[in-house]
Amino acid sequence: MTSPIKAEDSGSAAVLDPELTATTDVVKGEKQPEGRSPGQLMWQRFKRDRTGVVSACVVIFFFVVSALAPVIAKLYGKDPYTLYAQEPDYPFLLDDFAMPNGSFGGMSGDFWFGVEPKLGRDVFTMLLYGMRTSLYMAVLVTLLSVVTGVILGMIGGYFGGRVDYWLGRVTDFFLGFPQQLFFIAFMPVVTAMFVDPQDETPTYLRAVAIILVMWFLGWMGLSRLVRSSVLSLRDREFVEAAKVSGASPGRIVRKEILPNIVTPILVQATYILPSTILTIAFLSFIGVGFVEPTPDWGRMFQVGTEVYEQDPMFLFFPGAALVIFVLAFNLLGDSVRDAFDPKTGR
């Protein structure tokens with residue numbers, strides 16, 4: 001048998017077999033598989049989850065509509081503050097009992113979702129501005145709570161010892177507050193610190209007070225979650241290797257530990273935001289949040305419970321919008337969790 005490699009003299013160049021050379025060229029010409037980052041893998045898994053994609057579209061729709069509320073109201077030709085029942089253009093908007101004329105709460109081409117009983121304001125624009133108030137306040141409270149919880153949880157979990165002990169006791173102290181009762185009792189105190197009791201509290205001050213109170217009592221759960229995650233990671237090999245290489249604690253926390261706990265932080269944030277929206281609505285419902293004439297989901301529920309027997313449609317639209325948004329956001333949180341951790345996939 002002839003050898004595939006032939007050499008005439010010890011100093012001459014080798015001649016390769018043509019078939020072997022062709023095979024080598026094909027292998028070299030093949031497209032090598034490309035690696036994917038964890039973010040790309042997460043995105044691929046998320047796109048295959050129809051429930052998550054639909055939920056994300058619903059959530060984005062709510063935020064876009066809320067952001068464009070002034071533009072939509074201008075194109076629609078109404079606003080949430082005008083008492084249209086007193087306008088000469090709509091003389092028969094309410095009946096003798098101050099209830100909307102017509103079926104389904106006064107729904108018509110001029111008033112798509114009907115009108116508010118007793119005052120005759122447009123329900124559609126009230127809902128738009130009410131969503132805007134609740135959603136963007138909830139986003140701000142969620143961001144503040146997440147940042148605070150992550151920072152305190154990482155400090156306590158990484159350094160341990162006395163630092164962890166005292167931060168744990170502070171967390172336990174705040175967890176001891178009954179949140180709902182604290183909101184009811186503390187909200188008037190916060191507003192009274194800056195406004196004379198005989199004067200009307202400005203809307204911006206009520207918003208600031210709600211944000212501060214909810215931030216004050218909203219970071220503890222996430223802080224404990226982050227602390228437990230950091231405790232399980234701080235003694236791992238890659239963290240020890242970073243310490244041996246001379247990395248500072250701040251760099252280790254940012255570069256080694258934080259990327260490994262993004263998933264629980266993100267998932268917890270998707271549960272905090274809808275819960276915050278419900279709390280803001282609850283505060284306005286019981287009268288310690290936003291008051292007239294500020295549009296708000298909770299205040300619409302308060303009015304709706306008073307007239308639901310005569311005008312159930314006034315309660316239907318804000319209720320349906322709130323249920324759809326909270327459900328979509330919770331489903332989105334589940335889908336994000338499954339995308340980051342396929343072992344928990346449905």
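A few comments on the model shown:
- Of all stretches in the chain that contain no GluC sites (Glu not before Pro) in a DSSP loop with at most 12 other Cβ atoms within 10 Å, the longest one is 35-199.
- Build a GNM of the chain with springs between Cα atoms under 10 Å apart, and of Gly250, Gly120, Gly287 the one that fluctuates most is Gly250.
- Accessible area of the range 126-214 belonging to carbon and sulfur atoms, whole % at 1.4 Å probe: 71 percent
- Accessible surface, the range 224-346, averaged per residue in Å² (probe 1.4 Å): 48 Å²
- Under a Gaussian network description of the chain, with springs only between Cα atoms under 10 Å, the residue in Met107, Met300, Met154 that fluctuates furthest is Met107.
- For the range 98-189: accessible area per residue (Å², 1.4 Å): 46 Å²
- The base-10 log of I(q)/I(0) for the chain, evaluated at q = 0.09 Å⁻¹, reads -0.67 [Debye formula, identical scatterers on Cα atoms, solvent excluded].
- Local net charge near Gly149, Cβ-Cβ under 10 Å (Lys/Arg +1, Asp/Glu -1): +2
- Among Phe46, Phe316, Phe282, residue whose mean-square fluctuation peaks in a GNM of the chain (springs only between Cα atoms under 10 Å): Phe316
- Considering only alpha-carbon pairs that sit under 8 angstrom and 6 or more positions apart, the relative contact order computed for the chain is 22 percent.
- In terms of its C-alpha gyration tensor, the range 190-341 has an oblate overall shape, because the principal axis ratio a/c (a ≥ b ≥ c, square roots of the eigenvalues) is not below 1.5 and a/b does not outweigh b/c.
The values are calculated or read from the model by the stated rules, or taken from the named source; none is laboratory data. Here the structure is a predicted model, which is why all the values come from computation and not from measurement. Glycine also receives a Cβ, built like all others from the backbone with ideal geometry; neighbour counts cover every protein chain displayed. Each accessible area value is taken on the protein alone, full model and side chains, heavy atoms only, with ligands, DNA and RNA left out. Shrake-Rupley method; radii C 1.70, N 1.55, O 1.52, S 1.80 Å.
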